[in-house]
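Notes to accompany the following structure.
The values are calculated or read from the model by the stated rules, or taken from the named source; none is laboratory data. Being a predicted model, the structure only gives us computed values, none of them experimental. Virtual Cβ from ideal backbone geometry, glycine too; neighbours counted across all protein chains shown. These accessible areas exclude ligands, DNA and RNA; they are computed on the full protein's heavy atoms, side chains included. Shrake-Rupley method; radii C 1.70, N 1.55, O 1.52, S 1.80 Å.
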Amino acid sequence: MKIFHNPLHAQHAGRQEMYRGRLVPCHEVPDRLDHVLNELQRRPMGDLLTPNAAPERSRLERVHSARYLDFLASAWDQWVAVDPANAALDALPSVWPVRGFRADVEPENFAARMGLYSFDAGTPLMAGTWAAAQMGAACALAAADAVLVGERRAFALTRPPGHHAGPDFFGGYCFLNNAALAAQALRDGGIERVAVLDVDYHHGNGTQSIFYERADVLTVSIHGDPRTEYPFFLGHADELGAGDGAGFNLNLPLPRGTDWPTWRAALHTALDAVRGFGAQALVLAAGLDTFEGDPISGFHLRSADYLQVGADIAALDLPTVITFEGGYAVAEVGVNAVNLLQDLDAT
Ligand code: OKP
Ligand code: ZN
């Protein structure tokens, strides 16, 4: 398979995220990606390619709003303009518009604008964030383009991850929704029915929101039950899509503590939905934080299980774009990711 890699990822390296009243070290660290690269060196799977330019703005605007993209592109400079000493700090939001507030008037205050375009205080933004996110998106788009010209599988090995990023908001360590950009690129390339399957531990709320009222992109997510798990405010089983999209969103929440046999049964339910939809291409949002050793998650998959996950998904027999999402057991994420890819590469 073709693997698109984003060396600028390392410029996005958050220091701290807000957790239980404290700033704690970020879980989403550059080392994660390096472990995947190392494992790919040990078990090569085709060409490692690097896109040579940021994506065209028009391709990002297929999924994200123009004013959100303007905000992201200028956020770091705005943060430093507030106070030059800010250059030594990450920017984190601390105020948000909730029910009844106005989200249509863009405040002039930077902190308020940061809150307008985000949903948590766990997603630091720094000098290299926009470059890293753009090149990650370029990888996802290049992977979709490769599939459009006949590649069977393509992997976008990027960070920051993407599946929590919505049309006009960041959060959950995500800024640009790589899986959604890939799905939209497949649609724009002429594939009529595209499915997004999200196997990250956390509900792919951004992807769901982007496609919620559309019948041309089926979104399916298997994740920790939002009654107890992040992102808490979306991902319930009764979210089925709306308008034209009614019936084209499927959430399979599972309790914290779910083991491999139960998780695999949910995977088979998800795969049946993808088949039933008549998908002609798949985007797999590949989070590896379902691993038993993950520090922020609660499922109990083992490293060897990812071989079977990949084999089960490969049995769909669809052209597939894979995007790298979560997975915070840093030492194991390389083996787990490449295990997931093994059968997808072989078939
Ligand atoms: C991003 B992805 C941990 C709190 C959880 C946010 C988790 C974002 C997960 N201290 N913070 O879906 O892997
Ligand atoms: Zn996750």
Elements of type helices (runs of 4 or more DSSP H) contained in region 1-97, each with 2 or more residues being within 16 Å of ligand 2 (Cβ to nearest atom): 30-42
Of all residues making up region 201-219, the number that are within 21 Å of ASP168 (Cα to Cα) and either open to solvent by less than 20 Å² (accessible area, probe 1.4 Å) or assigned to a strand (DSSP E or B) (or both): 11
Selected residue (criterion: surrounded by the most Cβ atoms within 10 Å (Cβ to Cβ)) from residues of region 96-131 that are of a type in the set (D, E, K, R) and out of contact with any helix residue (DSSP H, G or I) (no Cβ under 8 Å at 6 or more places or on another chain): ASP120
Strands (runs of 3 or more DSSP E) contained entirely in region 240-347, each with at least 2 residues that are of a type outside the set (Ser, Thr, Tyr), in contact (Cβ under 8 Å) with a residue 60 or more places away in the chain and surrounded by 15 or more Cβ atoms within 10 Å (Cβ to Cβ): 281-286, 320-324
Tabulated pairs, region 144-169, first free of Cβ contacts under 8 Å to residues at least 40 places away in the same chain and among the charged types (D, E, K, R), second within 16 Å of ligand 2 (Cβ to nearest atom) and open to solvent by less than 10 Å² (accessible area, probe 1.4 Å), C-beta under 7 angstrom, 6+ apart or interchain: none
Inter-residue pairs, beta-carbon under 8 Å, first more than 11 Å from ligand 2 (Cβ to nearest atom) and open to solvent by less than 50 Å² (accessible area, probe 1.4 Å) and in region 223-239, second hydroxyl-bearing (Ser, Thr, Tyr) and not in a loop (DSSP other than H, G, I, E, B), 6+ apart: LEU234/SER209; GLY235/SER221
Filter result for PRO231 (within 16 Å of ligand 1 (Cβ to nearest atom), over 22 Å from ILE313 (Cβ atoms), part of a loop (DSSP other than H, G, I, E, B) and in contact with a helix residue (DSSP H, G or I) (Cβ under 7 Å, 6 or more places away or on another chain)): yes
